[in-house]
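Participant: Below are the structure tokens for one structure; questions will follow.
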Amino acid sequence: TQLLEQSPQFLSIQEGENLTVYCNSSSVFSSLQWYRQEPGEGPVLLVTVVTGGEVKKLKRLTFQFGDARKDSSLHITAAQPGDTGLYLCAGAGGTASKLTFGTGTRLQVTL
Amino acid sequence: SAVISQKPSRDICQRGTSLTIQCQVDSQVTMMFWYRQQPGQSLTLIATANQGSEATYESGFVIDKFPISRPNLTFSTLTVSNMSPEDSSIYLCSVGQGRTVARYEQYFGPGTRLTVT
């Protein structure tokens, strides 16, 4: 069974601070995706990383896929209240169509 | 990406009853998935629903409790049967798109928030 552990589980920071969320596994994934979920809504796909060592930037968000394709990180620069939500990583591999979801990181950004 | 809608968006049900959740997609898709998300938790896959075949259930989920229909390439239903308070959760459907394993992505509906009293 593939497991994805995220850390930290909860994070409460002030606007303008930087933060990093980690997603770790002992399994290798073909690709890894990051989602953000706001209350009352379904998860929204932010990015997919495919190549080991790949770095993708989405405005103030930077995503990295580990060289061995077992882990990933999400770094947010100058966090804003609009970044508040549940961040989920999800790995694709094994059975092609199924995703393994991480344990989740709940982020709260206050003024 | 596909646009996905779910009905109902929320419901409060009595124990022992059943609720059917509908998932509608604006384009034809092969793979549809049903997830459960308990309060404050991550997503747990219930089953994969392919058109024209029986749904494939994950460990811990059975067809008698969560029967699924997939009559065509744009629609699916999940029924939560004989409900108990432990079934109170958000139920999400998603669709999979992508030409290769590495490019495979899932897109989610807004979810159905179920409370069982």
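Participant: Would you call B:TYR104 on the phi < 0 side of the Ramachandran plot, buried (at least 21 other Cβ atoms within 10 Å of the Cβ), touching a Leu at 6+ places or on another chain (Cβ under 6 Å) and among the hydroxyl-bearing types (Ser, Thr, Tyr)?
Facilitator: Considered against the rule, which asks whether it is on the phi < 0 side of the Ramachandran plot, buried (at least 21 other Cβ atoms within 10 Å of the Cβ), touching a Leu at 6+ places or on another chain (Cβ under 6 Å) and among the hydroxyl-bearing types (Ser, Thr, Tyr), B:TYR104 comes out as no.
Participant: A follow-up question, please. For A:GLY40, state whether it is over 15 Å from A:THR103 (Cα atoms) and modelled with pLDDT under 95.
Facilitator: Yes, satisfied.
Participant: Give me the pairs: first residue in region A:42-53 and in contact (Cβ under 8 Å) with a residue 60 or more places away in the chain and within 7 Å of another protein chain (Cβ to nearest Cβ), second residue surrounded by 17 or more Cβ atoms within 10 Å (Cβ to Cβ) and in a strand (DSSP E or B), beta-carbon distance under 8 Å, and six or more apart or on different chains, which are they?
Facilitator: If the second residue must be surrounded by 17 or more Cβ atoms within 10 Å (Cβ to Cβ) and in a strand (DSSP E or B), no pairs are left.
Participant: Within region B:1-26, work out how many residues are outside any loop (DSSP other than H, G, I, E, B) and either basic (Lys, Arg) or at pLDDT below 95 (or both).
Facilitator: 2
Participant: Taking region A:1-41, which residues are over 11 Å from the mean Cα position of the chain (by Cα), assigned to a loop (DSSP other than H, G, I, E, B), within 11 Å of chain B (Cβ to nearest Cβ) and under 19 Å from A:LEU61 (Cβ atoms)?
Facilitator: Answer for region A:1-41, where residues must be over 11 Å from the mean Cα position of the chain (by Cα), assigned to a loop (DSSP other than H, G, I, E, B), within 11 Å of chain B (Cβ to nearest Cβ) and under 19 Å from A:LEU61 (Cβ atoms): A:GLU38, A:GLU41.
Participant: Return the total of residues in region B:45-70 being over 21 Å from B:MET83 (Cα atoms) and either touching a helix residue (DSSP H, G or I) at 6+ places or on another chain (Cβ under 8 Å) or acidic (Asp, Glu) (or both).
Facilitator: 1
Participant: What number of residues within region B:27-66 are more than 10 Å from the chain's Cα centre (by Cα), touching a residue at least 24 places away in the same chain (Cβ under 8 Å) and part of a loop (DSSP other than H, G, I, E, B)?
Facilitator: First, the residues of region B:27-66 that are more than 10 Å from the chain's Cα centre (by Cα): B:27-31, B:37-44, B:50-65.
Right, trim to touching a residue at least 24 places away in the same chain (Cβ under 8 Å) and you get B:27-31, B:37-39, B:43.
With part of a loop (DSSP other than H, G, I, E, B) added as a condition, the list becomes B:27-30, B:38-39, B:43.
Residues in region B:27-66 being more than 10 Å from the chain's Cα centre (by Cα), touching a residue at least 24 places away in the same chain (Cβ under 8 Å) and part of a loop (DSSP other than H, G, I, E, B): 7 in total.
Participant: Same structure, new question: Give the residue that is surrounded by the most Cβ atoms within 10 Å (Cβ to Cβ), with candidates limited to residues of region A:58-83 that are charged (D, E, K, R) and more than 20 Å from A:PHE29 (Cα to Cα).
Facilitator: It comes out as A:ASP83.
Participant: From the residues in region A:55-85 that are of a type in the set (Asp, Glu) and either within 14 Å of the chain's Cα centre (by Cα) or in a strand (DSSP E or B) (or both), which one is farthest from the other protein chains (Cβ to nearest Cβ)? Talk me through it step by step, then tell me what you get.
Facilitator: Filtering region A:55-85 down to residues of a type in the set (Asp, Glu) leaves A:67, A:71, A:83.
Those left that are additionally either within 14 Å of the chain's Cα centre (by Cα) or in a strand (DSSP E or B) (or both): A:71, A:83.
On the way: A:ASP71: 17, A:ASP83: 18 Å.
It comes out as A:ASP83.
Participant: I've got another one for you. Condition check: assigned to a strand (DSSP E or B), surrounded by 12 or more Cβ atoms within 10 Å (Cβ to Cβ) and away from chain A (no Cβ under 14 Å). Does B:SER69 satisfy that?
Facilitator: yes
The values are calculated or read from the model by the stated rules, or taken from the named source; none is laboratory data. Everything numeric in this text was worked out from a predicted model, so none of it was measured. Cβ atoms come from the backbone with ideal geometry, glycine included; neighbour counts cover every protein chain shown.
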